[in-house]
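Visitor: Sharing a structure here in structure tokens format.
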Amino acid sequence: MSTTQIDGAAVNPKANVYFDGKCVSHSITLADGRKASVGVILPATLTFGTGAPEIMEGVAGACEYRLPGTDTWQRAGVGDKFSVPGNTQFDIRVAEGETAYHYICYFG
């Protein structure tokens with residue numbers, strides 16, 4: 001089951017727009033002070049850099065992702081989570097014709 005609501009979070013209403021609008025997110029601060037973002041990735045293949053470790057949680061749609069050091073694409077959908085190490089890069093793709101991938105990204 002995926003997260004459907006985040007109680008007590010503070011939302012930055014200014015959007016973070018990446019890759020010519022193929023990814024749009026909003027930064028949030030959770031009630032316990034942890035940082036996260038909520039967003040959507042439209043059909044595309046994108047490479048993201050990380051500072052802190054990240055946990056991605058799918059809340060709608062699906063994607064495929066490829067972690068550093070591997071050539072294998074793995075699929076993630078609603079309720080699935082995957083971890084990305086800090087200070088690295090990972091690839092994520094949403095196929096043309098598929099529903100956009102909606103996610104929560106937890107940092108740290």
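Visitor: Taking the full set of protein chains and a 1.4 angstrom probe, give the accessible area of L30 in square angstrom, rounded to the nearest 10.
Guide: L30 has an accessible surface of roughly 20 Å² with all protein chains in place.
Visitor: Could you work out the equivalent-ellipsoid semi-axes for the chain, taking the square root of 5 times each eigenvalue of the Cα gyration tensor, largest first, in whole Å? Walk me through the numbers before you get to the answer.
Guide: Numbers: eigenvalues 86, 50, 38 Å².
Each semi-axis is √(5λ); the values are 21, 16, 14 Å.
Visitor: Further question: Accessible area per residue of the chain at 1.4 Å probe, in Å²?
Guide: 56
Visitor: Tally Lys/Arg at +1 and Asp/Glu at -1 over every other residue whose Cβ is under 13 Å from the Cβ of T3; what's the total?
Guide: Net of charged neighbours comes to -2.
Visitor: Let me ask you something else. Give me the net charge of G108's neighbourhood, meaning all other residues with Cβ under 10 Å from the Cβ of G108; Lys, Arg count +1, Asp, Glu -1.
Guide: +1
Visitor: Right, another one. Rounding to the nearest 20 debye, state how big the charge dipole of region 43-108 is about its Cα centre with +1 on each Lys and Arg Cβ and -1 on each Asp and Glu Cβ.
Guide: Details: 4 positive and 8 negative charges, 20 e Å.
The dipole magnitude comes to about 100 debye.
Visitor: Determine the gain in length on full extension of the stretch R34-W73; use 0.36 nm per residue of separation and subtract their C-alpha separation, reporting nm with one decimal.
Guide: 11.2 nm is the gain from fully extending R34 to W73.
Visitor: Under a crude label model (7 Å from the Cα following the beta-carbon direction), how far is A95 from A10 in nanometres?
Guide: It is 4.2 nm.
The values are calculated or read from the model by the stated rules, or taken from the named source; none is laboratory data. Since the structure is predicted, the reported quantities are computational estimates derived from the model, not experimental observations. Note that each Cβ is placed from the backbone with ideal geometry, even for glycine, and that neighbours are counted across all protein chains shown. SASA here: full protein model, heavy atoms, side chains in, ligands and nucleic acids out. Shrake-Rupley method; radii C 1.70, N 1.55, O 1.52, S 1.80 Å.
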